[in-house]
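Read the structure below first, then the notes.
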Amino acid sequence: MRKESASLHWTVALYLVLFTICVTANKLYPMEAAVAAEDDMAVENTERYPESVHKENDGVCKIAYHRCKADNNKYSLLPSSPALSRNNAIAIITAKADYKLSFEIVPTATIADWASILHFNAGNKDCCDLGNRSPAIWFHPGSTRLHVRIGDSVDGNWGIDTADALPLNVRSEFILECKGKDVKLTVGGKVYTATQPTHRYSGQLIVYAGNPYWPVAQAQLYGLDYEALYSR
């Protein structure tokens, strides 16, 4: 009878110790639980946030992201609002021939030379092989009119030039959609269409927000997004 009572006593004591450890752990580590919960919730978020940018051994920037889900289960490949500067590599991506590139741009001044905004580059040269400009975007010298090069297998400098200059210090929307032979560019509400001569580049690209070859544009970007387009 005494042995059974002692055994019961130690069993109860053990349960009390385990209960105390669990309660204490919950009090001591609420942040870990909160972070885990926040991470799970982030998957359902429709925003995309670049977590960090770091230099790899090859000296090219790569991007690390939170696990935030974009619309239609797509994930952002690029930082949303990169600062423009010369030779500013912001990402390495594997591009498809069919894609949509979009952002808002605020020009703040003009310069006397071609002014680089974005440049998706393969081949480590400015022009004019397939992939060198896939796409690449500049302001014209002394203007905020856009020079948009998309590239083609027969002309690596093929593209569209807009007719109108963008207003200074005002946000203008830019959308470039390339799918099959159809190319559609929307800038500031004005639509330009073109027919791709043959085909576009697909493969690895370095993305520059201000390329190494030309002076950088005086502008700010917002909501930068790139996504592959697939036939349904």
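The values are calculated or read from the model by the stated rules, or taken from the named source; none is laboratory data. This structure is a prediction, so every number in the text was calculated from the model and none was measured. Here the Cβ positions follow ideal geometry from the backbone for every residue, glycine too, while neighbour counts run over all protein chains shown. Just the protein is used for accessible areas: all its heavy atoms, side chains included, with ligands, DNA and RNA removed. Shrake-Rupley method; radii C 1.70, N 1.55, O 1.52, S 1.80 Å.
A few points about this structure:
- Residue under evaluation residue 212, criteria (1) over 20 Å from the mean Cα position of the chain (by Cα); (2) under 19 Å from residue 123 (Cβ atoms); (3) crowded, with 16+ Cβ neighbours inside 10 Å, criterion not met: (1)
- When residue 171 is tested against (1) open to solvent by less than 10 Å² (accessible area, probe 1.4 Å); (2) out of contact with any Ser or Thr (no Cβ under 9 Å at 6 or more places or on another chain), just one condition goes unmet, and that condition is (1).
- Verdict on residue 201 being at pLDDT 95 or above and buried (at least 16 other Cβ atoms within 10 Å of the Cβ): yes
- Looking only at region 137-155, residues that are in contact with a Gly (Cβ under 8 Å, 6 or more places away or on another chain) and buried (at least 23 other Cβ atoms within 10 Å of the Cβ) come to 4 in all.
- Test: residue in region 158-166 that is under 20 Å from the mean Cα position of the chain (by Cα) and either touching a residue at least 24 places away in the same chain (Cβ under 8 Å) or open to solvent by 20 Å² or more (accessible area, probe 1.4 Å) (or both): no
- Residue match in region 80-91 (condition: under 17 Å from residue 206 (Cβ atoms), among the basic types (Lys, Arg), open to solvent by 60 Å² or more (accessible area, probe 1.4 Å) and not in a strand (DSSP E or B)): yes
- Flag for residue 217 being closer than 20 Å to residue 110 by Cβ and crowded, with 20+ Cβ neighbours inside 10 Å: yes
- Residues of region 104-119 classified as assigned to a strand (DSSP E or B), of a type in the set (A, V, I, L, M, F, W, C) and surrounded by fewer than 23 Cβ atoms within 10 Å (Cβ to Cβ), total: 1
- Restricting attention to region 120-136, the residues that are open to solvent by less than 50 Å² (accessible area, probe 1.4 Å) and of a type outside the set (Ser, Thr, Tyr) total 10.
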